[in-house]
């Protein structure tokens, strides 16, 4: 609960206002019960004044309850909106390596389950305050009728609270286990969607996968959900049992030790029966608050520190981005000095170390990077792109070290299409004639018969993998950056378009003064490179420098 309360601290005034309105509603409800008891226990009617008071209290209870609920609906949806936006912003602030470690399934679960859990809990706040106020008001009325009953009620509440909270700790552990199992279930579901083709084509694999899912993550989710929900259900009914035991105590034990008049007995009966509803509502809200606390703690454990305090929070607030972000630096050279990077290889149960790498990249140069699978080619590409951080050594842009302070600006001079690329429907370019330029490239990429561009938006991205890579290439072209990096871009292109890519598109980018880095296994095209970089088990094996590339760099440096 403590972690959930931190979400509300900056909007506390609004929560307090809604709670106070809820207190008004609860007080009106409690006073109504007292009024009913006075009317029932009175031999004569209370008259027009009592009728007017009854109508007024009813209206006050209705309107204040409705207002309290409406205020919290507004707050909860506003807060959920900021949590979603803030979660996306925090994910974008994380290093790519951290995002990859977390995995898509955990981030998806945080977005689709954890934030709604917090939202649902907030919606219960008005009901809790209303019912708590009703309960308190009714108890105060009982105390007015009989101090003995009030004292006994206080003792009962302490015993009931202890008997609820002790076993509730066990239910909370199962709730946390349920949330952990849900992460794995979402991961399995995501794997099923991503590997649907492979599962369709291989029955034994499909049978094993579904069996593992059925008896693994799905079963754990079912088992832990049933356990924690049954425990909370049991606690709810146990609270009812305690309540009726308390009624029995007052009905059968107290009268033999204390003299109670008819009004007191009648008032107790009415209030006791009425309190069953509010108490049930309070107890039923506990699982919601516990689930919200577990969900919020889960988000915090992923190092995604959510801040919903600013009412105007947004992913990109006007004026907060430095001007240099929209003005990428002019590339003179990128240099890697003694750069290393390490990560754990699960299959080999060892750390993989790339480097140390010493490399200089110049504009007007076409560099091919080759090597066996797992040699570190993609890792090198992500280091050059500023997506991975060096374990040791440094990356320099135009002789200036790339640090946390300027890394974002450094990335703005690079366009990349990695093997696990994504195509966005909306194109981005500083050019005014965006649609015309995009249509020209679509024709060059042989996609003009499948995709149209209107208002900077692609008509579709539902194409084959090779065609979507061409759309990714189109987006990169339109960005017009200083350095282009392509990771196995031509691996799923047909022979005809491979020729277009290697013989026309890449030389065209180079001739425009762009630095071009291509990770590839296509050895038949190695001859187009100014430089060929070969990696072997993370080490720079051999570098071949073409005479044309040397001459081009000399020309570039001379200008």
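Quick note: the coordinates plus some simple rules give every number you see, no bench work behind them. This structure is a prediction, so every number in the text was calculated from the model and none was measured. Here Cβ is always computed from backbone atoms with ideal geometry, including for glycine, and neighbour counts include all displayed protein chains.
Highest mean first, how do 470-481, 492-503 rank when packing is the count of other Cβ atoms within 10 Å averaged over residues?
Working: 470-481: 21.0, 492-503: 15.1.
Final packing ranking: 470-481, 492-503.
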Rounded to whole angstroms and listed largest first, the alpha-carbon spread of region 327-558 along its three principal axes comes to 46, 46, 38
For region 469-495 versus region 504-538, the gap between their alpha-carbon centres in whole angstrom: 13 Å
For a protection proxy built on the mean count of beta-carbon atoms within 10 angstrom, sort 92-102, 328-338, 510-520, 361-371 highest first, please. 361-371, 510-520, 328-338, 92-102
